[in-house]
Amino acid sequence: MRFKNIAFVFLFFFLFTGCYNNGSLIETEDDLSKVAGKPYKTENVIVVVIDGPRQSETWQSVDRKYIPRMANLLAPQGVIISEFYNHGVTFTVPGHVAICTGNYESLSNKGEQLPTEPSFFQMWLKISNAPKEKAWIITSKEKLNVLADCRNVEWRNSFNPSFDTANRDDEETYQKATEILTNYQPQLVLLHFRGPDANGHAGDWDKYVNSIAIADSLTYELYKFIENHDFYKNKTTIMVTNDHGRHLDNIATGFIGHGDNCPGCTHLNFYAVGPDFKKNVISTTEREQVDILPTVGELMGFQIDDNKNVMWELFK
Ligand SMILES: [Zn+2]
Ligand SMILES: [Zn+2]
């Protein structure tokens with residue numbers, strides 16, 4: 001009796017995996033199309049996500065004193081979008097999932113659930129046939145390794161990027177990123193800094209604003225690294241944004257927490273610089289996290305949904 005049950009399980013398994021291998025990946029070709037001979041200089045895209053600063057301490061502050069490099073050195077080289085939003089769940093995992101998959105989802109913030117749909121990493125690795133060392137997730141929170149896969153059975157365990165995710169200081173994460181960029185020369189990267197969120201939750205205002213300044217500094221270090229690296233120079237686009245903000249001072253716990261749809265939690269920073277983008281522009285066109293994936297796809301040679309939501313105003 002027991003043997004019969006095991007045999008049935010095996011039979012079911014082979015039938016199921018047989019179906020998966022025969023049909024699944026081909027069916028997605030209609031949704032994901034390759035752009036032949038793309039007209040862009042960009043060959044690499046790095047998305048930097050700074051975890052949890054508010055607009056009131058960053059771009060919307062009067063003196064921008066915690067983001068001096070972004071305000072004075074980076075902004076003139078690229079485009080700022082002043083009205084950029086998380087219109088989904090304002091926690092770390094859902095915010096990153098919206099950025100990487102183009103979908104708002106109410107997922108566990110502990111890293112216990114994979115996103116439903118594939119990320120730009122999986123889409124690009126599929127369309128480019130590049131090895132997984134060419135796409136990296138490098139983060140200061142271990143749980144963000146959920147971004148490397150999804151639950152859609154047509155994609156699960158396929159075209160997964162490499163990842164180096166650990167709970168660590170942002171300087172250490174940046175150091176790891178430069179090693180990975182040097183050793184593997186990845187073409188698609190997500191780099192995450194946790195400082196503002198971790199210190200905000202600790203309720204330490206000075207450390208919170210100081211960690212914003214550290215993330216600002218590391219972002220500028222990355223820009224200089226790219227500008228001085230033969231593989232990346234003049235063919236790399238960098239986007240800088242947040243997964244979520246934090247409550248306004250008069251809402252709930254103020255800067256200590258986040259997670260609702262108050263303006264402090266939903267209004268984010270967005271900056272982009274690259275060889276195909278305008279310089280020294282502040283765009284007021286309203287945009288949101290789910291517009292990042294189609295824009296990455298446009299630059300990296302894959303299209304979804306007929307280019308709907310590409311942030312065309314960034315382009316020259
Ligand atoms: Zn948080
Ligand atoms: Zn809030």
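The values are calculated or read from the model by the stated rules, or taken from the named source; none is laboratory data. Here the structure is a predicted model, which is why all the values come from computation and not from measurement. For neighbour counting, all protein chains shown are included, and Cβ atoms are generated from backbone atoms with ideal geometry for every residue, glycine included.
Considering each of Thr237, Thr266 in turn, give the residue that is of a type in the set (Val, Ile, Thr), touching a residue at least 24 places away in the same chain (Cβ under 8 Å) and either within 16 Å of ligand 1 (Cβ to nearest atom) or not assigned by TED's automatic domain parsing to the domain that holds Lys141 (or both). Exactly one residue qualifies, and that residue is Thr266.
The residues listed here are Gly200, Gly274, Gly297; of these, the one that is modelled with pLDDT of 95 or more and within 16 Å of ligand 2 (Cβ to nearest atom) is Gly200. Of the residues making up the stretch 188-218, those that are among the polar types (S, T, N, Q) and away from ligand 1 (no atom under 14 Å from the Cβ) number 2.
Sort out which residues of the stretch 219-234 are among the charged types (D, E, K, R) and either within 16 Å of ligand 1 (Cβ to nearest atom) or in a helix (DSSP H, G or I) (or both), and write them in order of number. Matches in the stretch 219-234: Glu221, Lys224, Glu227. Residue pairs whose Cβ atoms lie under 6 Å apart, sitting 6 or more positions apart in sequence or on different chains, and linking a residue in the stretch 83-95 that is at pLDDT 95 or above to a partner that is within 13 Å of ligand 2 (Cβ to nearest atom) and assigned to a loop (DSSP other than H, G, I, E, B), are Asn86/His244; Thr90/His244; Thr90/His258; Thr90/Gly259; Phe91/Gly259; Gly95/Asn86; Gly95/His244.
Among the residues of the stretch 182-201, those identified as in a loop (DSSP other than H, G, I, E, B) and in contact with an Asp or Glu (Cβ under 8 Å, 6 or more places away or on another chain) are Pro186, Gln187, Arg194.
Tell me whether the stretch 60-82 contains one or more residues that are over 30 Å from Asn152 (Cα atoms), within 16 Å of ligand 2 (Cβ to nearest atom) and either of a type in the set (D, E, K, R) or modelled with pLDDT of 95 or more (or both). Looking for residues that are over 30 Å from Asn152 (Cα atoms), within 16 Å of ligand 2 (Cβ to nearest atom) and either of a type in the set (D, E, K, R) or modelled with pLDDT of 95 or more (or both), one finds at least one in the stretch 60-82, hence yes.
Looking only at the stretch 242-270, residues that are within 9 Å of ligand 2 (Cβ to nearest atom), in a loop (DSSP other than H, G, I, E, B) and under 22 Å from Ala215 (Cα atoms) come to 8 in all. Just one of (1) touching a residue at least 24 places away in the same chain (Cβ under 8 Å); (2) in a loop (DSSP other than H, G, I, E, B); (3) crowded, with 19+ Cβ neighbours inside 10 Å; (4) more than 16 Å from ligand 2 (Cβ to nearest atom) fails for Val310. It is (1).
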